[in-house]
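The values are calculated or read from the model by the stated rules, or taken from the named source; none is laboratory data. Keep in mind it's a predicted model, so treat the numbers as computed, not measured. Please note: Cβ atoms are built from the backbone with ideal geometry, for glycine as well, and neighbour counts cover all protein chains shown. To get the accessible areas, we keep the full protein, side chains included, count just its heavy atoms, and leave off ligands, DNA and RNA. Shrake-Rupley method; radii C 1.70, N 1.55, O 1.52, S 1.80 Å.
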Amino acid sequence: MKSLSGYLKRILLLSSLLSLFLMSITTVNASETLTRTSDSSYSISKEGSLSATYKFTLSQKSSIPTVITNFSFLIPFDSFDSLSISVNGKIYKYSSTTQEGYTKIFLNLPNIIIQRISPLTVSAVVKVNNHVVVGGENFYILIPSVPSFVTDSASVEFPSSWGGIAWSSVEWEKSMSGSNTTVLNLKKDTKHLNPSIAILLGEGIGYNLTIKKELSNTEEESRIYKISLPREGDGQHVLYTQFSPTPFDIETDNNSNINISYMLKKGEEIAVAIEGLIYFDDVTHKVPSSFDSYLNLDEYWHFTDESEMKRLLVFLRNLGYSDTITEAGSDRGEYIDSIYNYVLGRMNPSTAQLEDIKSSLRRGNKSLSTIVSSGAYPDEYTDLLIALLRSTGVPARMVIGYISPLNSYQKGGFFHSWAEYWDIESNRWITLDPALEDFFPTRFIDTHYDHIAFVTRSKSSVTPQTSIFSSAELSVEPAQNLISPYNEITTSFKITEREGNVAKGILTIKNSGNRIYRLEEVQLKTDGELIKPENLWSTHTIVPGAQEEIELVFTNFKSNSDSIFLTMFSDMEGSVYRKTTDLESSVKVNMNSEPLNLIISFGIFSVIIFTFKLLSSKIKNNG
């Protein structure tokens, strides 16, 4: 009996201890508490297939255990070839839902207890075949960020034969290169704790440009259609491999914006096909002759009252800065960064998806005194930033262009607007894009390589406008193979008619290169003198693959064996090319008519006199 009583006491004691222990355990969902970290590793095969391993660790810092009943996470792929999930080293079944760009994974867990000494580890291995295009000289590795998790470590492994890094969106702490593979380890970045990874291996950054546009004139009269081309200059270059058909006209403005024109008759239809390569380098940007237009407070870039500027100045003064950039001294960069951060804090992005920019649509407030603090579009971010920069003495301009797929913000590229300011230290335009950073905070990469400029606006906030392109009409994709500038332009001048000192001829120009050229000047060197044509009043532009014939008239022409023909061309970036060629001749000589008339008249007169004398002589003889 005594032993039975002791046994019951021991049972009651153990039951009490167990109850206390169970009472101390909190049952929660994994998304509510705990410390979560994420480690990722990416391995790319020589065939271009990607194997991505994501390791999520949930650990308990307190002494109170936690029971996990379910766990969910996102992987940054909406399609893949295989996916396996393991929980604490064991393969586990899962359910999933797919949304654009992501797949959400759900796990029902059997009341797993997490303590300090026993964290929960969930691993996901995703395999995507043909993730990297192979076969060219460039290799683009694009890896989206993992949502909702801080990236504690990341590594990328790829074949060493692909070469070194030509450009990367992130910094790498160290690398290990073997005979077959190279491994890169991500360097910690306190600003972007969950970055997208974009790596270019090979020769350099370039994009294949394709424009395919169907033009049709349904009007009663002839009509001119304009198409915007990517601008050239300030480190952005365009080489063309196809240009069909030859445009009716090409025009540029003071901001180096380029428009080609096609004239269509009533009922006429044409298919425009343009292909080329866009690439970037770090050449010195062209210094504007005047910055007045970049400081002009135009309708979208001015304040109707002082409230917003007062708000900015308070913000700057609290950071220890003065009211204008001229007083910032050596802190110019930090001063401009502060204005940029002010815009980020002042605006909130629209929940709508980024859309194609329409030339007839200008999204933004004409009165910046009414700041859109929620639901702002890229134009409104850009307008506010430009107005603030200009008001504080910083030259700035608006750019309308295209965001490439380089950094995988969303599937494919999209039209967008952003700002650029002139940096007096580096003598170049610097890209600022607060809208893109606010729309994609975890994916934003501070680089100009994914920003392709079509139109810049300086004097006016509404003009010039850019063409309307649908997704089927414009394609900008990372190039696997780069091409080099090929400057090949040939000229010939054939004199077709001479009349005294006046010479007429045909100038034939053929552009066999891959750049657009303008004919700037023509001169004919004859008898040691340079003479210009009398009828070259407009600039002629020759696209790649085109040939043009221009009729020219020269006065004071003196023909000799040393006569040569001189032409000067420039490309869209202002580089000058000079060509010389010998004269050809299929000349039809028109002699001066007055001496000829005198000779003919003298001959006729002589014949009449001779005949008269002959007749007179016969009459006398017969008499």
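Summary of values
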read-out: Residue within the range 240-248 that is in a strand (DSSP E or B), in contact with a Pro (Cβ under 6 Å, 6 or more places away or on another chain), open to solvent by less than 60 Å² (accessible area, probe 1.4 Å) and at pLDDT 95 or above present; value: yes
read-out: Qualifying residue in the range 443-450 (condition: of a type in the set (Asp, Glu) and either at pLDDT 95 or above or over 18 Å from the mean Cα position of the chain (by Cα) (or both)); value: no
read-out: Residue ID - surrounded by the most Cβ atoms within 10 Å (Cβ to Cβ), chosen from residues in the range 421-438 that are closer than 17 Å to residue 334 by Cβ and of a type in the set (Ser, Thr, Tyr); value: 421
read-out: Residues satisfying the stated conditions in the range 214-235, i.e. under 19 Å from residue 473 (Cβ atoms) and not polar (S, T, N, Q); value: 214, 215, 223, 224, 225, 226, 227, 229, 230, 231
read-out: Matching option when the condition is at pLDDT below 90 and more than 29 Å from residue 440 (Cα to Cα), among 261, 322, 290; value: 322
read-out: Residue count, the range 431-446 (criterion: in contact (Cβ under 8 Å) with a residue 60 or more places away in the chain and in a loop (DSSP other than H, G, I, E, B)); value: 4
read-out: Qualifying positions in the range 463-500 - aliphatic (A, V, I, L, M), closer than 27 Å to residue 418 by Cβ and open to solvent by 40 Å² or more (accessible area, probe 1.4 Å); value: 468, 472, 482
read-out: Residue match in the range 280-296 (condition: touching an Asp or Glu at 6+ places or on another chain (Cβ under 6 Å) and assigned to a strand (DSSP E or B)); value: no
read-out: The range 488-513, residues that are of a type in the set (Val, Ile, Thr) and in contact with a Gly (Cβ under 9 Å, 6 or more places away or on another chain); value: 489, 495, 496
read-out: Scope the range 170-186; condition open to solvent by 90 Å² or more (accessible area, probe 1.4 Å), at pLDDT 75 or above and over 24 Å from the mean Cα position of the chain (by Cα); matching residues; value: 173, 176, 179, 180
read-out: Scope the range 105-133; condition open to solvent by 60 Å² or more (accessible area, probe 1.4 Å) and assigned to a loop (DSSP other than H, G, I, E, B); matching residues; value: 116, 117, 129, 130, 133
read-out: Filtered residues of the range 449-462 (kept if assigned to a loop (DSSP other than H, G, I, E, B) and surrounded by 20 or more Cβ atoms within 10 Å (Cβ to Cβ)); value: 449, 450, 458, 461
read-out: Selection within the range 49-101 - of a type in the set (D, E, K, R) and over 33 Å from the mean Cα position of the chain (by Cα); value: 55, 61, 90, 93
read-out: Identity of the residue in the range 138-164, among the small types (Gly, Ala, Ser) and in contact with a strand residue (DSSP E or B) (Cβ under 9 Å, 6 or more places away or on another chain), that ends up surrounded by the fewest Cβ atoms within 10 Å (Cβ to Cβ); value: 164
read-out: Scope the range 531-560; condition part of a loop (DSSP other than H, G, I, E, B), among the aliphatic types (A, V, I, L, M) and touching a residue at least 40 places away in the same chain (Cβ under 8 Å); matching residues; value: 543, 546
read-out: From 473, 497, 477, residue being among the acidic types (Asp, Glu), farther than 18 Å from residue 277 by Cα, touching a strand residue (DSSP E or B) at 6+ places or on another chain (Cβ under 6 Å) and touching a residue at least 12 places away in the same chain (Cβ under 8 Å); value: 497
read-out: Any hit, the range 268-291, residues being of a type in the set (Asp, Glu) and either farther than 30 Å from residue 241 by Cβ or in contact with a Pro (Cβ under 6 Å, 6 or more places away or on another chain) (or both); value: no
read-out: From the options 214, 232, 219, residue that is of a type outside the set (Lys, Arg) and more than 25 Å from residue 545 (Cβ to Cβ); value: 219
read-out: Qualifying residue in the range 347-363 (condition: touching a helix residue (DSSP H, G or I) at 6+ places or on another chain (Cβ under 6 Å), open to solvent by 20 Å² or more (accessible area, probe 1.4 Å) and at pLDDT below 65); value: yes
read-out: The one condition in (1) open to solvent by 10 Å² or more (accessible area, probe 1.4 Å); (2) part of a loop (DSSP other than H, G, I, E, B) that residue 379 fails to fulfil; value: (2)
read-out: Residue 528 being free of Cβ contacts under 8 Å to residues at least 40 places away in the same chain and small (Gly, Ala, Ser); value: yes
read-out: Of all residues in the range 501-538 being of a type in the set (Ser, Thr, Tyr) and loosely packed, with under 14 Cβ neighbours inside 10 Å, the one that is nearest to residue 559 (Cα to Cα); value: 538
read-out: Residues of the range 110-137 that turn out to be in contact with a strand residue (DSSP E or B) (Cβ under 7 Å, 6 or more places away or on another chain) and without any contact (Cβ under 8 Å) to a residue 60 or more places away in the chain, as a count; value: 1
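Quick grid of which residues meet (1) at positive phi; (2) at pLDDT 90 or above; (3) of a type in the set (Gly, Ala, Ser):
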| site | (1), (2), (3) |
| --- | --- |
| 453 | no, yes, yes |
| 457 | no, yes, no |
| 479 | no, yes, yes |
| 487 | no, no, no |
| 504 | no, yes, no |
| 516 | no, yes, no |
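Condition check ((1) at negative phi; (2) of a type in the set (Gly, Ala, Ser); (3) in contact (Cβ under 8 Å) with a residue 12 or more places away in the chain; (4) open to solvent by 50 Å² or more (accessible area, probe 1.4 Å)) across all residues:
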| site | (1), (2), (3), (4) |
| --- | --- |
| 45 | yes, yes, yes, no |
| 48 | no, yes, yes, no |
| 59 | yes, yes, yes, no |
| 65 | yes, no, yes, no |
| 71 | yes, no, yes, no |
| 87 | yes, no, yes, no |
| 103 | yes, no, yes, no |
